[in-house]
Amino acid sequence: MGDATAVILISLGVGICSVLQSTLNKTLMLTWGLELTVFLTCALMALISGVYLFVSQKFSNTQVVTVEPNFLFSKLGLWITLAAILGALILYGYPYAMKNFGATRVIVLAVTAQCLTGLAWDYFAEGQSPSPMRLVGTLMAVVGATLAQSR
């Protein structure tokens, strides 16, 4: 499988999982409430991540995680906190927004926001200027999001 195919398949898979996970959380939220739903989702995700880390460390030829003997988690403080806050906002925001505004409207706007943020990240953080086709694609996403908002 080539790099282009892998990018497409992985991106589509992540997008599909995002919608399904958010929709399932929205459904659970109706019974359990938003807070308990997100808490249980995060607890299970932590358990699954721990099992994955253990299995990958135990049965992989290469060590996935290498920790320096003098490593301090305080070095990660701001970044890991920011990542956790952003993750929580995603887990709380999607089901809440889907319940109140509908899945199509939320997902189309979220994808558009991801396109715009991706362009900005590539330019400012990675130093990559967007190609004309990426700019056109993002513009099409903005137009699509605008159309999806109309009734």
Query raised in the report: What does the accessible area per residue of the chain come to in Å², with a 1.4 Å probe and no ligands, DNA or RNA counted?
Result: 77
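May I ask you to work out the translational diffusion coefficient for the chain at 25 °C, viscosity 0.890 mPa s, via Stokes-Einstein with Rh from the Kirkwood sum over Cα pairs, reported in whole µm²/s?
133
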Report summary line: Plugging the Cβ-Cβ distance of residue 10 and residue 89 into 1/(1 + (r/R0)^6) at R0 = 25 Å yields, to the nearest 0.05, a FRET efficiency of 0.65
Report task. Heavy atoms only, probe 1.4 Å: what % of the accessible area of the chain goes to carbon and sulfur, would you let me know? Result -> 73
Report summary line: The rounded separation in angstrom of the Cα centers of region 97-114 and region 15-45 is 15
Requested in this report: Determine the calculated [θ] at 222 nm for the chain from helices alone, applying -39500 (n - 2.57) to every DSSP H run no shorter than 4 residues and normalising by the residue count; nearest 500 deg cm²/dmol.
Outcome: -28500 deg cm²/dmol
Report summary line: Within the under-14-Å Cβ sphere about residue 101, not counting residue 101, Lys/Arg +1 and Asp/Glu -1 give a net charge of +4
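The values are calculated or read from the model by the stated rules, or taken from the named source; none is laboratory data. As the structure is a prediction and not an experimental result, all values here were calculated from the model. Counting neighbours? That spans all protein chains shown, and the Cβs are built from the backbone with ideal geometry, glycine included. Just so you know, the surface numbers come from the protein's heavy atoms only, side chains and all, with ligands and any DNA or RNA stripped out. Shrake-Rupley method; radii C 1.70, N 1.55, O 1.52, S 1.80 Å.
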